[in-house]
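The values are calculated or read from the model by the stated rules, or taken from the named source; none is laboratory data. Computed from a prediction, not measured in an experiment: that's the story for all the values here. In this analysis, Cβ positions are derived from the backbone assuming ideal geometry, glycine residues included, and neighbour counts consider all displayed protein chains.
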């Protein structure tokens, strides 16, 4: 067997690590799936429309863009939809796309690219663990393990009662600096 063939067969036998290398975000089961999966709470039959107040806000937001460039308001309108609904269901993305007159897939691409958009229901309280290198060196993985064990809550999951949501990854929370200087 050629050396390249041995490397390839060895690589195919290597198990995929559960978490990523130091300094990157925690892996999620859905990392490779940038597609929508229908659920009871998130499917094409769920109704979504802007409230009259948010419709006025949307009109105000889109009015600042010149003719032919209304699609540039996609991020602010997705944010508005998420603030109204608590998270961003598929029908909210469709509504924003139709409102802006742009392909639904383009809106979906934006919503899946930016981590600020939550495409699944989230709990009232968010639990965040910083995953930057300094925090990982100070025990962030141990904290994440305690969260998973104590609350049965993995990254990107919501508790069964809907009260807690574990953010998939966070960085720059500033807690390590505060702790280092004695702040609590």
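Couple of notes before you dig in:
- Here residue 102 fulfils each of the conditions (1) buried (at least 18 other Cβ atoms within 10 Å of the Cβ); (2) assigned to a loop (DSSP other than H, G, I, E, B); (3) modelled with pLDDT of 85 or more apart from (1).
Yes or no, residue by residue, for (1) surrounded by fewer than 14 Cβ atoms within 10 Å (Cβ to Cβ); (2) in contact with a strand residue (DSSP E or B) (Cβ under 7 Å, 6 or more places away or on another chain):
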{"residue": "91", "(1), (2)": "no, no"}
{"residue": "94", "(1), (2)": "no, no"}
{"residue": "115", "(1), (2)": "yes, no"}
{"residue": "128", "(1), (2)": "no, yes"}
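- Flag for residue 109 being modelled with pLDDT of 90 or more and assigned to a helix (DSSP H, G or I): yes
- Condition check for residue 180: more than 30 Å from residue 56 (Cβ to Cβ) and modelled with pLDDT under 85: yes
- Restricting attention to the stretch 45-60, the residues being part of a helix (DSSP H, G or I) and surrounded by fewer than 18 Cβ atoms within 10 Å (Cβ to Cβ) number 8.
- Qualifying residue in the stretch 77-86 (condition: surrounded by fewer than 18 Cβ atoms within 10 Å (Cβ to Cβ), touching a residue at least 24 places away in the same chain (Cβ under 8 Å) and part of a loop (DSSP other than H, G, I, E, B)): yes
- Those residues of the stretch 130-143 which are touching a residue at least 60 places away in the same chain (Cβ under 8 Å) and in a loop (DSSP other than H, G, I, E, B), in sequence order: 131, 132
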